[in-house]
Amino acid sequence: MDSIFDAIDRAFSDGTAVPAMSLRGGNALDSHQAPAPFDAELDRPVAAYLEAHHWGVAHLDPISWRHYLPLLLRYALLKLDQADSMAIDALLSSLRPPDRDPPRFASLTQQQEQAVIAVLDALAFEEASAWTDEAIVALDEYWAPGAHYRNGLATQE
């Protein structure tokens, strides 16, 4: 697992210092409220913050999503046995197609994509993982070689 943490750290070492939209701000949007500006103290990405503001992931622009992605990836690895984590559920949902406009997935570097894939593989295939089914779906749909929706090439059923 340490090698996956290292891969995340290397891939996302250029992270933005202040995201345009915080998870708290995205959570406010989800509740049809105006998003408050980023606040370094209120938006500290500790476990309680990630869980309390999980609805915000769906509302993040690509740059803000990339800011929170390494934090959520690390969190998912640390808590992979916790089936009740809404933050992990939100992360996995954000890794499923369709991509946004402007695109989130296409905004990742190859190294960042490989870090995402490594985490999804761990969530899918680690014995202790409570997220096997959800991670396999994300891999099958977009992240694994030959994925159904990669590059817009969905297979017809």
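The values are calculated or read from the model by the stated rules, or taken from the named source; none is laboratory data. All of these numbers come straight from a predicted model, not from anything done at the bench. All Cβ positions, even for glycine, are placed from backbone atoms using ideal geometry, and neighbour counts span all protein chains on display. Ligands, DNA and RNA are excluded from the accessible area calculation, which covers all protein heavy atoms including side chains. Shrake-Rupley method; radii C 1.70, N 1.55, O 1.52, S 1.80 Å.
Details
- Residue among V57, V18, V137 with the largest mean-square fluctuation in a Gaussian network model of the chain, springs linking Cα atoms under 10 Å: V18
- Whole-Hz couplings from phi, Karplus 6.51/-1.76/1.60, listed for the range 55-68; x for Gly and Pro: 5, x, 4, 5, 9, 7, 6, x, 5, 5, 4, 5, 5, 7
- From helices alone, the chain scores -14000 deg cm²/dmol at 222 nm; the rule is -39500 (n - 2.57) for each run of n ≥ 4 DSSP H residues, then divide by the residue total.
- For the range 110-124, 3J(HN,Hα) per residue [Karplus equation, 6.51 cos²θ - 1.76 cosθ + 1.60, θ = phi - 60°, Hz, x = Gly/Pro]: 4, 5, 5, 4, 5, 5, 4, 4, 4, 5, 4, 4, 5, 5, 7
- Listed residues H59, H32, H67, most fluctuating in the chain (Gaussian network, C-alpha, under 10 Å): H32
- Backbone geometry of the range 21-27 corresponds, through the Karplus equation with coefficients 6.51, -1.76 and 1.60 at θ = phi - 60°, to 3J(HN,Hα) couplings of 10, 7, 4, 4, x, x, 5 Hz, x marking Gly and Pro.
- Using a probe of 1.4 angstrom and keeping all protein chains present, the accessible surface of the range 1-78 works out to 51 square angstrom per residue.
- Of L78, L23, L69, the one that fluctuates the most in a GNM where the chain has Cα springs shorter than 10 Å: L78
- Between D61 and V46, full extension at 0.36 nm per residue minus the direct alpha carbon distance yields a gain of 3.3 nm.
- When the solvent-accessible area of the chain is split by element, carbon and sulfur atoms take up 53 percent of it, the probe being 1.4 Å.
- Between the labelled values (1) 24, 18, 16; (2) 44, 17, 13; (3) 22, 18, 17, the entry that holds semi-axes √(5λ) of the Cα gyration tensor in Å as derived from this structure is (1).
- Electrostatic bookkeeping for I4 treats Lys and Arg as +1 and Asp and Glu as -1; over the other residues with beta carbon under 12 Å from its beta carbon, the sum is -3.
- Each label was represented as a point 7 Å from its Cα along the Cα-to-Cβ direction; for F125 and D140 these points are 1.6 nm apart.
- You can think of it this way: the chain between A83 and R10 has 23.5 nm of extra reach, that is 0.36 nm per residue less the Cα-Cα gap.
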